[in-house]
1. Please report, for the Cα atoms of the range 259-300, the Rg to one decimal and the Dmax as a whole number; what are they, in angstrom?
2. Could you work out the relative contact order of the chain? I mean the mean sequence separation of Cα pairs under 8 Å and 6+ apart, divided by the number of residues, in percent.
3. Sort out the exposed loop GluC sites (Glu not before Pro) in the chain (DSSP loop, at most 16 other Cβ within 10 Å) and tell me the longest stretch that has none.
4. What distance in nm lies between label points placed 7 Å from Cα along the C-beta direction at Ile111 and His239?
5. Which aspartates and glutamates have a Cα lying under 16 Å from the Cα of Lys32, excluding residues fewer than 8 positions away in the same chain?
6. Using a/c under 1.5 as the rounded threshold, could you call the chain rounded, prolate or oblate? The axes a ≥ b ≥ c are square roots of the C-alpha gyration tensor eigenvalues, and prolate needs a/b larger than b/c, oblate otherwise.
7. Given springs between every Cα pair under 10 Å in a Gaussian network model of the chain, which of Asp264, Asp201, Asp277 has the largest fluctuation?
8. Quick one: which of Lys17/Lys50; Lys252/Lys381; Lys47/Lys287; Lys242/Lys381 span more than 20 angstrom between C-alpha atoms?
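The numbers here are math on the coordinates, done by the rules we state, and not lab data. All values reported here derive from a predicted model rather than from experimental measurement. In this analysis, Cβ positions are derived from the backbone assuming ideal geometry, glycine residues included, and neighbour counts consider all displayed protein chains.
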Amino acid sequence: MNFSNPDLLNNPYPHYKKWREELPIWWAEDIKGWVLSRYDDVRFILKDAKTFSSNSMGEMDQQAMALPLLTDDPPRHTQLRAIVNKAFTSRTLKDMKEEVVKLVDELLDEIAGKKHIDISADFTIPLPVHIIARLMGIPEERKDDFKRWSDALTGTGKATELQDRLPDIMEMAEYFQSLISQRRQNPGNDLISKVVNAEVDGETISDQDIVGFNILLLIAGNETTTNLLSNLLDYLSLHPEKWEELSNHPEKIDAAIEETLRFDAPVHWVNRKATADVEFHGQKVKKGDVVYAILGSANRDADNYHQPDSFLLDRGRSDHHAFGYGIHFCIGAPLGRMEARYALEGLFKRYKSIKPSKAGENERTHSNMLRGFHHLWLEVKEN
């Protein structure tokens, strides 16, 4: 059985259910790794960074280059994480609130009066791209390059083979390299300047690591938020009663965001490498084997969630794995939640209702790792 099944792009959840019930661990020949889908197994893998090393990342073509934090283990990970923590402070997020609200209004102004909109291309994609570019101090005119580079690195665009994506990846790395000397000479208050001028054990970070940091910030700053928003809007377009409930009760928006992260997560798996022999459900995983922890499946595990396949606004839980778990928990999670909250508030103010539109063709991301939409067409009715 292969993991790279086209059916996983459209609706992976029936497959996940079968795996949890019948194949809690199985070998996927196409990706040369063990697939684990139950909640407790996924959490165990993510929690035990000593037994399950992040250095496995890079073995699939989605990871075209090593990224600090994602591919590092302690103690190096701990040191680098402390640097980024200083950049993603609560003060930084608070300062960005006005910027997010302003951008939401500007993007919605651009599509005002239209009955049919591609909410992904017109809103959920440009919003987080603009915000992370602003935080990183990137010129406005490079925002379109940001999305193209991110798609190339993650393999979510139309070009899925690594050799076809390498030119964009190399262009991205060269661009970030050019920023290093600029920010060392003329530092600002942006995230790149803070990383460029930071030190680990009294030594500055290498140029290679700084480039990796920038790429990581680019991906973390836009892919997860874009997918979160598009997945939620897709669901709400199919369930008008939920749209009406949230529109009338904006205090439930945070609950809707949290339930979307569980119900239809933006990231569906991560991989790790076993540093010692370990056993799951009678199956031995040998030292050096790669394991794939299926976050999207764990979030639908009936042994951990009541009515896991239902979208419940009153679930009141945030113990999902949408942003990972343990030392590699996504550092951009607060930013993503904040952007989603103000995006939804802006949408509810503008639109009385939304529903699926046939004005264009919906297009899912070309990845079973990242789940979202490149194009999502909605028919909207303005207030």
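1. In order Rg, Dmax, the Cα atoms of the range 259-300 give 12.9, 36 Å.
2. Taking the mean separation of contacting Cα pairs over the length of the chain, I get 27 percent.
3. 162-360
4. Label-label distance for Ile111 and His239, simple model: 2.1 nm.
5. Glu59, Asp61, Asp289
6. Here the chain falls in the oblate category.
7. With Cα springs under 10 Å in the chain, the top fluctuation among Asp264, Asp201, Asp277 is at Asp201.
8. Exceeds cut-off: Lys17/Lys50; Lys252/Lys381.
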